[in-house]
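Encoded as structure tokens, the structure appears first; notes follow it.
Where a number appears in this text, it was derived from the coordinates with a stated rule and is not lab data. Quick caveat: nothing in here was measured; it's all calculated off a predicted structure. As a convention, Cβ positions derive from the backbone with ideal geometry for all residues, glycine included, and neighbour counts pool all protein chains shown.
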Amino acid sequence: MEDHEYDGIQELDNPLPNWWLLTFLGTIIFAYLYYLHYESGSGPTINQELKADLAVIEAAKAKRGTKSDSEEELQKLLASAAVLNEGKAVFQGKCAACHGADLQGVIGPDLTDDYWLHGQGKLADIATIVRKGVVEKGMPPWDGQLKDAEVSAVTVYIVSKRGSHPANSKGPQGEKIVSN
Amino acid sequence: MNETISRLEEVTYDDAIVRKFLLACMVFAGVAFAAGLLAALQLAFFPLNMELPWLTFGRLRPLHTNAAIFAFAGNAIFAGIYHSTQRLLKTRMYSDRLSAIHFWGWQLIIVAAAISLPLGFSQGKEYAELEWPIDIAITLIWVIFAVNFFGTLAIRREKHMYVALWFYIATIVTVAVLHIVNSIEIPWSYMNSYPVWAGVQDALVQWWYGHNAVAFFLTTPFLGLMYYYLPKAANRPVYSYRLSIIHFWGLVFIYIWAGPHHLLYTSLPEWAQTLGMIFSIMLWAPSWGGMINGLLTLRGAWHLLRTDPIIKFMVAALTFYGMATFEGPLLSIKSVSAIGHYTDWIVGHVHAGALGWNGFLSFAMIYYLVPKLWKTKLYSDRLANVHFWLGFLGIVLYYVSMVAAGITQGLMWKAIGPEGQLVYPDFVETVVRIVPLYWARALGGAFFLGGFMVMCYNVYRTIAASTEVSNETVRVRNTRYSSAGEGHRALEGMVTVFSVLSLIAILVGSVIEIYPTLSLHSYIAKTANIDPYSPLEIAGRDIYIREGCYVCHSQQIRPMVSEVLRYGSPSTMEESIYDHPFQWGSKRTGPDLARVGKKYPDLWHFRHMVDPRSVVEKSIMPSYSWLVKDKTDFLSLRKKVSVLRNLGVPYSPEQVAQADRLAEEQAKSVAQAIHDQGGPEGLERREIVALIAYLQALGQKEKQPRPTDQVTVKE
């Protein structure tokens, strides 16, 4: 017991618990070594770690390869109700905000008419635009966002709506293409 | 004079001031908790934003945090300090008049905050949102408090300072330094200003402040209170004097360095990040020193845990303190921060401390003080127990749901599939997943608030039964001149030396971390390859700050693969160099916006701001429809741009002189673009156009624009 007293509060002077002292010393030693490792050259910097990780992603991408969208293969999918359903789901989830639930065009253009800003309105053209986007015009690139199968599905879904003449169409934009 | 035994003297303590602070504490606790509950419900159910500007989440959250910290915890601290200091020093406060000015001044500040924050007057810096006139008032009142406190020390009848007082001293000194340095700002109107700090510099100063507000407003004063009220309530001697010395100095010296753990993986220089991390880890033991000294003081008195609600609250408070101060260092480890940062885990962490430690300790103090101050018995121990269990359940529910939400979302953001693509590229998908947990959290908050209301009733009945309210008078012996002792004991008798040593202890870490960043900043500014915002974008940015978008959105892409895939190249120090204040943010309820510029057409933003659901079906972001009605303040732009120019942003004199005209021109072209894309006509004078101009400028200010399809990582 210490010999002082404050407003009736007394103090003992028990020794510091050993485990507490060891924890304190342990963290100090860890802190010192950690700093030495990372800030004096031997440990990787955050950006070096990022580069290594990005290389892994690039390798994965390379393995995946850039899919070339073939008109014939996409044509075949047109007949599949399952694919069309999946395409519809993707479209309503990601595209309807800009192109409208009926593809009538809101922020982006009407996708049901014969007027196209990019390409000839063919399946492969559409798939390419969906992948790459038109960033400066506000059409996002969907490559990293949608899987290949989803890109195909949404493309097929768009073409299946060709000529559906939705109400409130935004009106024609781009060149009139007399396509197949 | 060196007499050890002096005659008995009569002292009448000023308990009236303690009663005042205590009641103010309870009133504002109610406000803070209710605001918190509403904010929690808004995240679970966005329509509760009610499209009322002053009630939206972005303005409500600062009101909640400021009320909780400065109004609730602040008044609790003052009540406890005024009560315990007089008794520990055996003297009345130095000046009743200063006490009164302190009390009324502080309440006035709170009222000013409660009006100005919902109106959107904000500096856009977390926990330092209050604008410059209020900042000045805070400084003045704090100085009054300090004079009163140190004056009381000067007239003390007890030579040595008990450990509680050390903590009070550290609090008063450090909060003054933090508040003043973080609030250096240049006004551009009677209620608005820009901070002198910018970008990385502002980030470091702000989080040095922000972290140490937790340390020196929510930790050290409460440890002081614990050291007084726990041994008093349990009637037990403090476990270890030695431990209190070591953990006091350990805390004061180490805490101040830990701020950068809020900035791990940002563009803050890496050495500073690493310092922040390692000092946070070293903080673990000193923090636990306080907890074990408290808990072990109860050795031999554990039976009280069953019978005495005050002890129950205190033990729970110390346990939550221990939990939070273990979790803090854990979250500061870089790889843990990588998952936890920007998520609700941090919100859970903070509330374990705020509700568990600060809340429960304050409640214990209130249950201890009310019967004493009103000279009666507590109305009902049973109700106090009900309060305890409601509160406890509330905290557990809150904490568990937020940690689960945080880890879930953190992992979803980072998930990358075998083909090198994000598994959840759609941000809103990761939000929808945790909305049920937002409901659970709100329920926890409701329990906590319910418990608090039980306490209010209990206190009300106790006070109603009181027949006598007076100031306590005691007869004390003056031990002012007893022998000094040696070592630390001697130091405890020297107020000035002690205070200066604490000041030095907190200045070391502050200077070592902040100074190099300040000089680095002026170096980058000279070579920066960045254009400043146009005047219209400045107007938009001020709207962004006013609406508190930064409480839900970050502007800082971390150098991690998952972030780069989602948002683009990592943010650089240069990019925010002209940001007064910086807007890196700390929480991603919505996605990062550092590179949102040009990602969407103007019309998309228009529709999204008016009604986020019209473009993102499951969004929980509030609607900002008033931005379409309200007019942009073009007139103040000249003043704003000129203030920024004086702060070093490279505007030409013509840009300053023509600021409003330049802004109007740009507004016309943005409005035209919205119309051309199919939106409404005639928006050029509306705030929404300024905001869209700002959003479209984010990440677009490099003089040589970076290729969008390529990641740039610095060496």
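As a test of understanding, state the convex hull volume per residue of chain A from its alpha carbons, in Å³.
Roughly 295 Å³ of hull volume per residue.
Beyond 21 Å between alpha-carbons counts as too far, so tell me which of A:Lys94/B:Lys668; A:Lys76/A:Lys176; A:Lys137/B:Lys631; A:Lys94/B:Lys598 fall in that bin.
Result: A:Lys94/B:Lys668; A:Lys76/A:Lys176; A:Lys137/B:Lys631 exceed 21 Å.
So how do B:His341, A:His37, B:His521 line up by other beta-carbon neighbours within 10 Å, fewest first?
A:His37, B:His521, B:His341
Give the residue list of trypsin sites (Lys or Arg not before Pro) in region B:374-459 that are DSSP loop and have at most 16 other beta-carbon atoms within 10 angstrom.
B:Lys375, B:Lys377
Across region B:498-505, in residue order, what do the Karplus-derived ³J(HN,Hα) couplings come to in whole Hz, using 6.51 cos²θ - 1.76 cosθ + 1.60 with θ = phi - 60° and x for Gly and Pro?
For region B:498-505, the Karplus-derived couplings read 4, 5, 5, 4, 5, 4, 4, 4 Hz, x marking Gly and Pro.
Under 5 Å between amide H atoms, partner at least 5 residues away or on a different chain: which partners does B:Arg686 have, H built in plane at 1.01 Å?
Long-range HN contacts for B:Arg686: B:Thr632.
Compute, for region B:382-484, the length of the dipole vector about the Cα centre, with Cβ point charges of +1 (Lys, Arg) and -1 (Asp, Glu) only. Units Debye, rounded to 20.
620 debye
Which loop-located chymotrypsin sites (Phe, Trp or Tyr not before Pro) does region B:438-498 contain, where loop means any DSSP state but H, G, I, E or B and the Cβ has at most 16 other Cβ atoms within 10 Å?
Passing both the DSSP loop test and the Cβ count: B:Tyr481.
Explain nothing, just compute: Karplus ³J(HN,Hα) = 6.51 cos²θ - 1.76 cosθ + 1.60, θ = phi - 60°, for every residue of region B:690-696 in order, whole Hz, x for Gly and Pro.
5, 5, 5, 4, 5, 4, 6
I'm a student and want to see the number: the projected area of the Cα convex hull of region A:10-64, averaged over all directions, in nm².
Average of the hull's projected areas for region A:10-64 equals 7.4 nm².
Farthest toward the dipole's positive end in the protein assembly as shown, which of B:Ser576, A:Ala127, B:Ser466, given Cβ charges of +1 (Lys, Arg) and -1 (Asp, Glu) about the Cα centre?
Most positive-ward Cα: B:Ser466.
Can you tell me, using C-alpha contacts under 8 Å and at least 6 residues apart, the relative contact order of chain B as a whole percent?
Once normalised by length, the contact order is 18 percent.
Between A:Asn85 and B:Ile186, what is the spin-label point distance in nm, taking each point 7 Å from the Cα along the Cα→C-beta axis?
Taking the simple label geometry, A:Asn85 and B:Ile186 are separated by 6.4 nm.
Just to confirm the filter: which GluC sites (Glu not before Pro) across region B:413-501 are DSSP coil and have at most 11 other Cβ within 10 angstrom of their Cβ?
Those that pass, being in a loop and sparsely packed, are B:Glu468, B:Glu486.
What FRET efficiency comes out for A:His165 versus B:Arg613 if R0 is 25 angstrom and r is the Cβ-Cβ distance? Round to the nearest 0.05.
According to the calculation, E is roughly 0.40.
Label-point separation (nm) for B:Val143 and B:Ala301, each offset 7 Å from Cα along Cα-to-Cβ?
Result: 4.1 nm between the two label points.
Evaluate the charge dipole of region B:446-516 about its Cα centre and quote only its size in Debye, nearest 20, assuming +1 on the Cβ of each Lys and Arg and -1 on the Cβ of each Asp and Glu.
260 debye
When you look at the Cβ of every residue in B:91-104, what mean number of other chain Cβ atoms sits within 10 Å?
The per-residue average across the peptide is 0.
Over chain A, what is the relative contact order in whole percent, taking alpha-carbon pairs under 8 Å and six or more residues apart?
Averaging sequence separation for qualifying contacts and normalising by length gives 23 percent for chain A.
Straight-line reach from A:Lys161: which aspartates and glutamates fall under 15 Å, measuring Cα to Cα and dropping same-chain residues less than 8 apart?
List returned: A:Glu86, A:Asp102, A:Asp110, A:Asp113, A:Asp114.
Which three semi-axes in whole Å describe the equivalent ellipsoid of region B:396-541, each the square root of 5 times a Cα gyration tensor eigenvalue, listed largest first?
Semi-axis lengths for region B:396-541 are 49, 37, 20 Å.
Quick one: order B:Arg638, B:Arg706 by neighbouring beta-carbon count within 10 Å, fewest to most.
Placing the least packed residue first, the sequence is B:Arg706, B:Arg638.
Which aspartates and glutamates, on any chain, are close to B:Lys640 with Cα under 12 Å apart, when same-chain ones fewer than 8 places away are left out?
B:Glu537, B:Asp542, B:Asp660
Restricting things to alpha carbons, tell me how big the protein assembly as shown is in terms of Rg and Dmax, in Å.
30.3, 111
Take B:Thr85, B:Thr496, B:Thr479, B:Thr274 and order them by how many other Cβ atoms sit within 10 Å, fewest up front.
B:Thr496, B:Thr479, B:Thr274, B:Thr85
Along the charge dipole of region B:301-427, pointing to its positive end and built from +1/-1 on Cβ of Lys, Arg, Asp and Glu, which listed residue (B:His387, B:Leu305, B:Ile339) has its Cα farthest out?
Most positive-ward Cα: B:Leu305.
Computed over the Cα atoms, what is the radius of gyration of region B:16-196 divided by 2.2 N^0.38 Å, N being its residue count?
After normalising by residue count via 2.2 N^0.38 Å, the value is 1.13.
Taking the Cα centre as origin and putting +1 on Lys and Arg beta-carbons and -1 on Asp and Glu beta-carbons, what dipole magnitude results for region B:531-710, to the nearest 20 debye?
Result for region B:531-710 is approximately 340 debye, rounded to the nearest 20.
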